[in-house]
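Enquirer: To start, I am sharing the structure in question, which I have written as structure tokens.
The values are calculated or read from the model by the stated rules, or taken from the named source; none is laboratory data. Quick caveat, the model's predicted, so the values are computed rather than measured. Here the Cβ is made from the backbone with ideal geometry for all residues, glycine too, and neighbour counts use every protein chain on show. Note: areas computed on protein heavy atoms with side chains; ligands, DNA, RNA excluded. Shrake-Rupley method; radii C 1.70, N 1.55, O 1.52, S 1.80 Å.
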Amino acid sequence: MAIEIALSEVADGVFELRLPIPFEDGLVNVFVFTDGDEADLLDCGMNSDESVDAIYKALEQLGARRLRRLAVTHIHPDHYGAAGTLAGEGRADLYMHRLEVPLVHPRYVELEHLVEQVRHYLLINGVPGDEAEIISNSQRALSQVVKPAEPAVQLDGAEFIDMGRHSLHVEWTPGHSPGHICLYEEGTGLLFAGDHILPELSPNIGLHPQSTPDPLHDYLQGLERMVDRKPKLVLPAHGRPFADVTARVDALVSHHHRRLDQIQEIVGRDKKTAWQVALELWGPRDNLYEKRLALQEGLAHLQALAVDGRLRKSVTPELVCWQQS
Ligand SMILES: [Zn+2]
């Protein structure tokens with residue numbers, strides 16, 4: 001079967017390749033940077049035959065015989081999944097932020113500990129036992145589309161890395177994932193935004209066992225920093241490139257501010273769990289994945305409200321509760 005690939009040049013020697021995401025109807029955009037007969041890649045899609053073949057095909061079409069570097073914005077399956085196929089001994093060098101590194105093993109290799117950790121996290125946040133069991137086990141499926149690789153370079157943020165013939169600045173933008181990075185080129189104003197700034201969706205910002213402790217504040221601060229860079233063109237990992245970063249960031253920030261107000265109001269005087277808040281806010285959901293995302297997203301907002309002193313968070317070994325302060 002001939003593989004049709006969606007490849008387009010978005011800047012001099014920079015090509016956007018749109019890859020399918022198995023089990024979902026969306027696409028993930030990865031970027032190929034060419035340099036003679038070598039190439040570098042930003043993000044790599046899931047580890048499925050269809051997706052990996054599309055990458056090889058694109059490299060061939062661009063005259064690249066060797067993949068030199070693979071940089072990943074974060075370790076979610078659609079960005080990092082094929083890392084182990086493309087990078088490692090004798091293959092490309094993998095570059096990733098160091099806060100992503102410790103997340104890989106528990107998430108994709110040794111799942112038992114994380115499954116138990118997530119089950120406990122769901123229970124203390126008010127999720128009924130049977131649902132907590134199912135939701136915590138649902139993450140096992142992800143390890144099938146991810147083949148991990150060891151990083152050759154662990155980034156702190158603020159480095160310059162060469163991608164193709166471009167020198168890009170690493171922008172550490174935690175929130176969606178603890179070690180999420182964007183890549184920015186000052187001369188051209190190109191911002192490779194990963195999942196940090198998407199044109200249509202508000203990226204999921206969740207508090208969970210693998211997140212930073214206050215991911216919403218982290219995320220909002222990262223948005224401000226990216227606006228300050230004044231990028232001319234934002235190249236997101238999902239959706240089409242866009243120019244007006246200020247308008248998009250304004251919309252994302254006001255969305256979160258509205259949601260913070262809404263959640264503060266829902267919490268009220270009586271103690272509530274995050275699960276009760278999520279159910280009131282989003283209503284009952286059938287899809288387990290959506291339920292978990294709703295809980296995590298609700299928790300990120302609750303935590304930000306507690307950090308700002310707008311809510312009171314109380315904890316015991318059995319339960320985490322929230323109420324008006
Ligand atoms: Zn992601």
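Enquirer: Are any residues in the stretch 296-320 surrounded by fewer than 16 Cβ atoms within 10 Å (Cβ to Cβ), acidic (Asp, Glu) and in contact (Cβ under 8 Å) with a residue 24 or more places away in the chain, and if so, which ones?
Expert: First, the residues of the stretch 296-320 that are surrounded by fewer than 16 Cβ atoms within 10 Å (Cβ to Cβ): 307-309, 312-319.
Filter once more, keeping what is acidic (Asp, Glu): 308, 318.
Within the stretch 296-320, just 318 meets the criteria.
Enquirer: Within the stretch 129-157, work out how many residues are assigned to a loop (DSSP other than H, G, I, E, B) and touching a residue at least 60 places away in the same chain (Cβ under 8 Å).
Expert: Within the stretch 129-157, residues that are assigned to a loop (DSSP other than H, G, I, E, B) and touching a residue at least 60 places away in the same chain (Cβ under 8 Å) number 7.
Enquirer: For the stretch 28-70, give me each residue that is at negative phi and within 15 Å of the ligand (Cβ to nearest atom).
Expert: Residues satisfying the conditions are 28, 29, 30, 42, 44, 46.
Enquirer: Could you check how many residues of the stretch 158-213 are assigned to a loop (DSSP other than H, G, I, E, B), among the acidic types (Asp, Glu) and either within 12 Å of the ligand (Cβ to nearest atom) or touching a Phe, Trp or Tyr at 6+ places or on another chain (Cβ under 7 Å) (or both)?
Expert: Result for the stretch 158-213: 1.
Enquirer: Taking the stretch 162-175, which residues are touching a strand residue (DSSP E or B) at 6+ places or on another chain (Cβ under 7 Å) and over 23 Å from residue 77 (Cα atoms)?
Expert: 164, 165, 166, 167, 168, 169 - these are the residues of the stretch 162-175 that are touching a strand residue (DSSP E or B) at 6+ places or on another chain (Cβ under 7 Å) and over 23 Å from residue 77 (Cα atoms).
Enquirer: Working only within the stretch 214-225, note down all residues that are in a helix (DSSP H, G or I), away from the ligand (no atom under 13 Å from the Cβ) and under 21 Å from residue 258 (Cβ atoms).
Expert: 216, 217, 218, 220, 221, 222, 223, 224
Enquirer: Determine whether residue 188 is within 26 Å of residue 105 (Cα to Cα) and either touching a His at 6+ places or on another chain (Cβ under 6 Å) or surrounded by fewer than 19 Cβ atoms within 10 Å (Cβ to Cβ) (or both).
Expert: No: the conditions fail for residue 188.
Enquirer: Check off (1) loosely packed, with under 15 Cβ neighbours inside 10 Å; (2) within 16 Å of residue 221 (Cα to Cα) for residue 232 and give me the number that stays unchecked.
Expert: (2)
Enquirer: Provide a single number: the residues in the stretch 271-307 that are at pLDDT below 90 and either more than 21 Å from residue 176 (Cβ to Cβ) or touching a Ser or Thr at 6+ places or on another chain (Cβ under 7 Å) (or both).
Expert: The number of residues fulfilling the criteria is 5.
Enquirer: Something else: Within the stretch 243-265, can you find the residues that are open to solvent by less than 30 Å² (accessible area, probe 1.4 Å) and either hydroxyl-bearing (Ser, Thr, Tyr) or over 19 Å from the mean Cα position of the chain (by Cα) (or both)? Even if it seems obvious, please write down each step before you answer.
Expert: Narrowing the stretch 243-265 to residues open to solvent by less than 30 Å² (accessible area, probe 1.4 Å): 245, 249, 252, 256, 260, 263.
Those that are open to solvent by less than 30 Å² (accessible area, probe 1.4 Å) and either hydroxyl-bearing (Ser, Thr, Tyr) or over 19 Å from the mean Cα position of the chain (by Cα) (or both): 260, 263.
Enquirer: OK, next. Which pairs turn up if I take residues in the stretch 185-199 that are among the β-branched types (Val, Ile, Thr) and look for partners that are in a strand (DSSP E or B) with beta carbon separation below 7 Å, at least 6 apart in sequence or on another chain?
Expert: Cβ pairs passing all conditions: 188/11; 197/234; 197/236.
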